[in-house]
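First up is the structure itself, then whatever we jot down about it.
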Amino acid sequence: DGGITQSPKYLFRKEGQNVTLSCEQNLNHDAMYWYRQDPGQGLRLIYYSQIVNDFQKGDIAEGYSVSREKKESFPLTVTSAQKNPTAFYLCATPDWYTGELFFGEGSRLTVL
Amino acid sequence: SQQGEEDPQALSIQEGENATMNCSYKTSINNLQWYRQNSGRGLVHLILIRSNEREKHSGRLRVTLDTSKKSSSLLITASRAADTASYFCAPGCGVIFGPGTSLSVIP
């Protein structure tokens, strides 16, 4: 089945540690996005990539980093510089023709 | 890309009733999309309505679009407990999301 997969689903981190969240898609889409969602809130855009080897900062990029070495993969690293990293992280990829966004199931990060 | 503003922020109804939620936006769009998010899950696309359409149906969902008022509405008829979720609208390119409408359907 075509889709978008995020892992891990749950992740615990100690303060000061970097963690990397995985996002893989087999839809052959060019663009991929990372969002952060806090309880009862909307989605805030962290980083987006329109094409391989290129990415742009979203509204809340500080404390995060990404890479886009392959079309199907867009990993997000939450660095120790992110002051409040506990949140639900969502990866998405748009259908170029319709604009419909396909979302992964999310990764919940908790900092202990 | 622009953010839609959903209203109300929260809605609680009895099973079998209809649920209506609204979305307003600021600038002209080619289309508008609605998404659903169950608790702890990713968003799922529900329906897309184009700017030249006034109304669109999909099962128990009915979406309207009024481009002159820059607003859209999502109606869920004969609601079920399984409809309990947050609903988001995404005008235009649809990459920015507001806080959504949290719908609770009480059995």
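With N as its number of residues, chain A has a Cα radius of gyration that, divided by 2.2 N^0.38 Å, comes to 1.00.
If you wrap the tightest convex hull around every Cα atom of the protein assembly as shown and split its volume per residue, you get 124 Å³.
Add +1 for every Lys or Arg and -1 for every Asp or Glu among the other residues with Cβ under 13 Å from the Cβ of B:Thr77, and state the total. Could you put the intermediate results ahead of the total?
Numbers: positive: B:Arg60, B:Arg62, B:Arg80; negative: B:Glu15, B:Glu17, B:Asp83.
After counting each charged neighbour, the total is 0.
What the phi angles of the range A:28-38 give under the Karplus curve with 6.51, -1.76 and 1.60, with θ = phi - 60°, is a coupling list of 6, 7, 6, 9, 9, 10, 10, 10, 10, 10, 9 Hz, glycine and proline written as x.
Per-residue shielding of A:34-41, expressed as the average number of other chain Cβ atoms within 10 Å of the residue Cβ, stands at 3.
Note on the range B:78-107 and the range B:1-55: Cα centroid distance 6 Å, given to the nearest whole angstrom.
Provide the net charge surrounding A:Gly63, with neighbours chosen by a C-beta distance below 15 Å and charges set as Lys +1, Arg +1, Asp -1, Glu -1. Surrounding charge for A:Gly63 is +1.
Considering only B:Thr84, B:Ser1, B:Ile106, the residue lying farthest towards the positive end of the dipole of chain B is B:Ser1, judged by Cα position with unit charges set on Cβ. For the range A:82-112, the list of chymotrypsin sites (Phe, Trp or Tyr not before Pro) that fall in a loop by DSSP and count at most 14 other C-beta atoms within 10 angstrom reads A:Trp96, A:Tyr97. When the Gaussian network model of chain B links Cα atoms closer than 10 Å, the mean-square fluctuations of B:Asn38, B:Asn22, B:Asn52 top out at B:Asn52.
Enclosing the Cα atoms of chain B in their convex hull gives a volume equal to 86 cubic angstrom per residue. The charge dipole of chain A, taken about its Cα centre with unit charges on the Cβ atoms of Lys, Arg (+1), Asp and Glu (-1) only, comes to about 460 debye. Counted by Cβ distance under 15 Å from A:Glu100, the other residues give a net charge of +1, where Lys and Arg count +1 and Asp and Glu count -1.
None of the figures in this text is laboratory data; all of them are computed from the coordinates on show. Owing to the predicted nature of the structure, the values given are computational and were not obtained by experimental measurement. Note that each Cβ is placed from the backbone with ideal geometry, even for glycine, and that neighbours are counted across all protein chains shown.
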